[in-house]
Amino acid sequence: MASRELSCREVTQAFLDRIASDDEKVGCFLTIDAERALADADHAQAMLDRGEAKPLTGVPVAIKDNISTEGIETTCASKILKGYLPPYDATVIRKMRDHGMVILGKTNLDEFAMGTSTENSAFQVTRNPWDLKRSPGGSSGGSASAVAAGFAPLALGSDTGGSIRQPASLCGIVGFKPTYGRCSRYGLVAFGSSLDQIGPLARTVEDAALLSEAITGWDPMDSTSLDMPEVEFKDLKKGSLKGLRAAFPKEMFGEAVDPGVRAEIEKSITAIESAGVEVTQVSIPSIAFGVTTYYIIAPAEASSTLARFDGIRFGPRAEGKGHIGQVEKTRAEGFGHEVKARIMIGTYALSAGYYDAFYLRAQQVRALMTHEFQKVFQDFDFIISPTSPITAFELGALANDPMALKMLDYCTIPANMNGMPAISLNCGFADGLPVGLQLLAAPLQDEKLLQFAHCVEQLLPDATRRPPAP
Amino acid sequence: MSITLEEVRHVAKLARLELDESEILSLQGELNALLGHFSDIQGIDVGNIVPTSHAVSLQNVWANDAVGPVLHRDDALRNSALTKAGLFVVPQIIED
């Protein structure tokens, strides 16, 4: 587009055409607004023609459907928000518009981002482009499969316990969760407010870094956003692996790790060592308690943040007896089972008599975990682990065992607990399915992590391999 | 430790969720499965660790006491199922 070989409209139209012909088979998008996307493209073209282009001007992007887009339906894949047209743009969307980016449409997710398979959507199933019988992971499954399938060069997701990184891993792409607070949450429909973070899904680390630069930065509309500049991209390629020290926690390498995944991760670690990084096994015992702690804190926060869905200000309203009866009925009809279950867990954990035993204890374990990770970062620059202990699973295979599915989040949860930046890269294939390598850094070390990830990506021959067209 | 059907009904009331009997039964099972895991963290020695509710600690955040851009009333009301005279309409809460 910058060299004028293609117009912004032609590029956007090409992606819209591909979505129109193939997304029926994959099911990434809940909403496509072609007219608006083309208008965005024309706006981008005008920026280019005026000589005001930025690096991502004219680049189309897919948006997870829990991020508010003014006038474009935003449902969180829930019946309780069916028809909701946000009256404002999320800060990340406003920033992308300032860069002249094109909003292609809204992607499927587990309802309110609660899940790791995108099977909890109230509206449709999303499939993994590597094998259409399998799940793309979740909860940002629509965004991950859209990038993997070539429906969008970039996408936005949100990550509360791994919801960007795990689907990136299962779909064989890059998924980056910045440090908590680097990216404004204003306009992201909250799930667990102390854990949620928006981030990019992309084909390469460089693309993820470019989008990060566009969307991060302090925002007065989010009081938890950090008073720091945008994640900077200019030194991305100046990194070197020589002399770096990385740790791999043995607790992330337990028996839950599938042998095929283990083999690919070990191969990657060997390559990283050969490039001059000193890799050492460490122990971080609190990792073993991460999932349990998460499934107290996240539902507790969700039971509070989801209290706003009462049918009064937005969403469909059910008939019921009196005000409370109406609210109870609206929520009964609007929320799916997993959301109800998490609201119940959270309400229980916060209720009188259980608060100390569950919620307060979980917050102490969260602090313990933070201490343990801080200690590791005194001696090491980065932490390396698998992103997910397994590759993409068949749709429905784990639907009857929600606890088994939850237990698989143990590698991704610590970054949300401690706020660390974390990235998943495709490091290889096990039985034809992508395997994700997770890299973690201390909070606020986003630039260093991206630099490291870019260097590591050059060592991984499969990092940018794409699936055949669906 | 386990949760009774009565407790499930009570928590549903607190959470403002109308549940039918089959949902109450299935949620009892799911909550009990999770409670089994919750006991894992009861035995950890947390010593004097101060609980944290934040990923990255922040000082108090202050905002200038000035009017900024605000949402127009019509825009704020537009998504509601029922409005009247610039207000959200809800069933009567206070009895006659």
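The values are calculated or read from the model by the stated rules, or taken from the named source; none is laboratory data. None of these values were measured; they are calculated from a predicted model. Positions of Cβ are backbone-derived with ideal geometry, glycine not excepted, and every protein chain shown enters the neighbour counts. Surface accessibility is based on the protein's heavy atoms, side chains included, excluding ligands, DNA and RNA. Shrake-Rupley method; radii C 1.70, N 1.55, O 1.52, S 1.80 Å.
Structure notes:
- All positions within region A:373-389 that are more than 20 Å from A:F176 (Cβ to Cβ), more than 14 Å from chain B (Cβ to nearest Cβ), open to solvent by 40 Å² or more (accessible area, probe 1.4 Å) and touching a residue at least 40 places away in the same chain (Cβ under 8 Å): A:D379
- Matching entry among A:V327, A:V339, A:V257 (being of a type outside the set (F, W, Y) and more than 10 Å from chain B (Cβ to nearest Cβ)): A:V257
- Reported count of residues in region A:326-343, each being free of Cβ contacts under 8 Å to residues at least 40 places away in the same chain and touching a Pro at 6+ places or on another chain (Cβ under 8 Å), is 1.
- In region A:32-47, the residues that are outside any helix (DSSP H, G or I) form Cβ pairs under 6 Å with partners that are at pLDDT 95 or above, at six or more places apart or across chains, as follows: A:I32/A:G105; A:D33/A:I72.
- Yes/no for A:V189 being of a type in the set (A, V, I, L, M), within 24 Å of A:V435 (Cα to Cα) and touching a residue at least 40 places away in the same chain (Cβ under 8 Å): no
- Among the candidates A:N400, A:N418, the residue that is within 9 Å of another protein chain (Cβ to nearest Cβ) and not charged (D, E, K, R) is uniquely A:N418.
- The residues of region A:197-247 that are among the polar types (S, T, N, Q) and either within 15 Å of A:H454 (Cα to Cα) or in contact (Cβ under 8 Å) with a residue 12 or more places away in the chain (or both), listed by number, are A:Q197, A:T204, A:S212, A:T216, A:T224, A:S225, A:S240.
- Residue list for region A:88-120, restricted to those being touching a strand residue (DSSP E or B) at 6+ places or on another chain (Cβ under 7 Å) and assigned to a loop (DSSP other than H, G, I, E, B): A:D89, A:A90, A:M101, A:N108, A:L109
- Restricting region A:431-450 to residues that are of a type in the set (D, E, K, R) and more than 14 Å from chain B (Cβ to nearest Cβ) leaves a set whose member that is farthest from A:A208 (Cα to Cα) is A:D431.
- Every residue from region A:362-372 that is at the interface with another protein chain (Cβ under 7 Å from one of its Cβ atoms) and out of contact with any helix residue (DSSP H, G or I) (no Cβ under 6 Å at 6 or more places or on another chain): A:Q363, A:Q364, A:A367
- On inspection, A:R317 qualifies as buried (at least 19 other Cβ atoms within 10 Å of the Cβ), free of Cβ contacts under 8 Å to residues at least 40 places away in the same chain and either out of contact with any His (no Cβ under 7 Å at 6 or more places or on another chain) or of a type in the set (S, T, Y) (or both).
- Matching residues, region A:280-311, being hydrophobic (A, V, I, L, M, F, W, C), within 9 Å of chain B (Cβ to nearest Cβ) and open to solvent by 20 Å² or more (accessible area, probe 1.4 Å): A:A288, A:F289, A:A307
- Candidates A:L170, A:L154, A:L195, A:L188 - the one that is open to solvent by less than 10 Å² (accessible area, probe 1.4 Å) and out of contact with any helix residue (DSSP H, G or I) (no Cβ under 6 Å at 6 or more places or on another chain): A:L170
- Members of region A:182-198 found to be closer than 19 Å to A:Y294 by Cβ and within 11 Å of chain B (Cβ to nearest Cβ), listed by number: A:G192, A:S193, A:S194, A:L195, A:D196, A:Q197
- Check on A:F123, in a loop (DSSP other than H, G, I, E, B) and among the aromatic types (F, W, Y): yes
- Looking across region A:406-446, the residues that are assigned to a helix (DSSP H, G or I), of a type in the set (A, V, I, L, M) and either buried (at least 24 other Cβ atoms within 10 Å of the Cβ) or under 13 Å from the mean Cα position of the chain (by Cα) (or both) come down to A:I413, A:A415, A:M417.
- Filtered residues of region B:50-73 (kept if in a loop (DSSP other than H, G, I, E, B) and of a type in the set (D, E, K, R)): B:D65
- When B:L31 is tested against (1) more than 9 Å from every other protein chain (Cβ to nearest Cβ); (2) open to solvent by less than 80 Å² (accessible area, probe 1.4 Å); (3) not in a loop (DSSP other than H, G, I, E, B), exactly one condition is not met: (1).
- Beta carbons closer than 8 Å, at least 6 apart along the sequence or on distinct chains, pair a first residue in region B:1-16 that is more than 7 Å from chain A (Cβ to nearest Cβ) and open to solvent by 50 Å² or more (accessible area, probe 1.4 Å) with a second that is outside any loop (DSSP other than H, G, I, E, B) and β-branched (V, I, T) for B:L5/B:I24; B:R9/B:I24.
- Of all the criteria given as (1) open to solvent by 70 Å² or more (accessible area, probe 1.4 Å); (2) more than 7 Å from chain A (Cβ to nearest Cβ); (3) at pLDDT below 90, the one not satisfied by B:V61 is (2).
- Residue count for region A:238-279 under the criterion of being under 30 Å from A:G346 (Cα atoms) and either more than 25 Å from the chain's Cα centre (by Cα) or surrounded by fewer than 14 Cβ atoms within 10 Å (Cβ to Cβ) (or both): the result is 2.
- Residue ID - surrounded by the fewest Cβ atoms within 10 Å (Cβ to Cβ), chosen from residues in region A:173-184 that are out of contact with any Pro (no Cβ under 6 Å at 6 or more places or on another chain) and under 11 Å from A:A415 (Cα atoms): A:Y180
- Region A:74-114, residues that are of a type in the set (G, A, S), open to solvent by less than 10 Å² (accessible area, probe 1.4 Å) and over 22 Å from A:G181 (Cβ atoms): A:A77, A:S78, A:G100, A:G105
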